[in-house]
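Computed from the coordinates by the stated procedures, all read-outs in this text should not be read as laboratory data. Keep in mind the model is a prediction, meaning the values are calculated, not measured. Cβ coordinates were reconstructed from backbone atoms using ideal geometry, including for glycine residues, and neighbour counts include every protein chain displayed.
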Amino acid sequence: GSREAVERLVREHPVVVFMKGSPAQPLCGFSNAVVQILRLHGVEDYRAHDVLQDPDLRQGIKNYSNWPTIPQVYLNGEFVGGCDILLQMHQNGDLVEELKKLGIRSALLDAEKDEEKK
Amino acid sequence: SPNPPLSCSPSPMRGPLLAAAGGAMGGAGGPLARTIRAKLTAALQPTHLEVRDDSSRHGGPPGAETHFGVLVVSGRFSGLPLLQRHRLVHEALRAELDGPLHALQVIARTPQQWQSAPCAPPPPPCLGGSKRDRRRG
């Protein structure tokens, strides 16, 4: 739960999520929303940490980001927000752009290309 | 009250409790709802504000006041990215978030944004959480 330990976690992968439960089995509607949004964009390779398994991490991540709730999404080590923000980024196209900066091509771009072909 | 009257158009944030109580901004809801409303009004001078108790969606009894959704329309958000807008809301409710407020959905729009699109997505469905888990967040 220390700052250094959290720092290591947020930097270990371009996409890191602190949530309740796991991507395979989210235990909270807000955490599930984050998983579903990432899935829509074809992002299945990311680090997910279940804060319910680790009370020190649960408090540590809130201290680190100065953000009171879970889930928390980090892109390239930077805190982006929770489920509300990720949903709005998804809806306004910002998430596609942010993923592109990480070298991740959103699956939605391919879906659009398919639409254009029809 | 400095706030304008509630619009007559259907609101995505208007939960059954507020609607049943007439949806009045001034007095409906429990003590925490009123505190949230008062603090957000003082901090952000919203042109439109809705506060919804979502606790019953997360397994609590109606009026449990543990999970809330707020829709805040304020000129204070102009030029601010979403993260900073949400931080302003959290700052106004810091004591509550350190205390009884277990979860908070936030929709933060400028008056221009709200005018061009007066709608917001519904909250994600509860997945049950970990029922034995009484801690916040």
Quiz prompt | Cβ pairs under 8 Å, 6+ apart, first in segment B:52-71 and β-branched (Val, Ile, Thr), second surrounded by fewer than 17 Cβ atoms within 10 Å (Cβ to Cβ) | solution = B:THR66/B:GLY60; B:THR66/B:PRO100
Practice problem: Filter segment B:72-94 for residues that are within 11 Å of chain A (Cβ to nearest Cβ) and either free of Cβ contacts under 8 Å to residues at least 24 places away in the same chain or of a type in the set (D, E, K, R) (or both) and give the result. | Solution: B:PRO81, B:LEU83, B:GLN84, B:ARG85, B:HIS86, B:ARG87, B:HIS90, B:GLU91, B:ARG94
Quiz item: Does segment A:37-73 hold any residues that are out of contact with any strand residue (DSSP E or B) (no Cβ under 7 Å at 6 or more places or on another chain) and surrounded by fewer than 17 Cβ atoms within 10 Å (Cβ to Cβ), and which are they?
Solution: A:ARG39, A:LEU40, A:GLY42, A:GLU44, A:ASP45, A:GLN53, A:ASP54, A:PRO55, A:ASP56, A:GLN59, A:ASN63, A:ASN66
Quiz item: Which residue pairs have Cβ atoms under 9 Å apart, sit 6 or more places apart or on different chains, and have a first residue in segment A:1-26 that is in contact (Cβ under 8 Å) with a residue 40 or more places away in the chain and closer than 9 Å to A:TYR74 by Cβ and a second that is basic (Lys, Arg) and assigned to a loop (DSSP other than H, G, I, E, B)?
Solution: none
Quiz item: Taking segment B:95-129 only, how many residues are crowded, with 17+ Cβ neighbours inside 10 Å and either within 12 Å of another protein chain (Cβ to nearest Cβ) or basic (Lys, Arg) (or both)?
Solution: 17
Quiz item: Does A:ALA107 meet the test of being more than 11 Å from the chain's Cα centre (by Cα) and over 19 Å from B:LEU83 (Cβ atoms)?
Solution: yes
Quiz item: Restricting attention to segment B:51-71, and to residues there that are in contact with an Asp or Glu (Cβ under 8 Å, 6 or more places away or on another chain) and not in a loop (DSSP other than H, G, I, E, B), which single residue is farthest from the other protein chains (Cβ to nearest Cβ)?
Solution: B:ASP53
Quiz item: How do the strands (runs of 3 or more DSSP E) wholly within segment A:13-118 filter down when requiring 3 or more residues that are away from every other protein chain (no Cβ under 11 Å): which remain?
Solution: A:15-19, A:47-50
Exercise. With the checklist (1) under 22 Å from A:ARG105 (Cα atoms); (2) part of a helix (DSSP H, G or I) in hand, flag the one item A:ARG8 doesn't pass.
Key: (1)
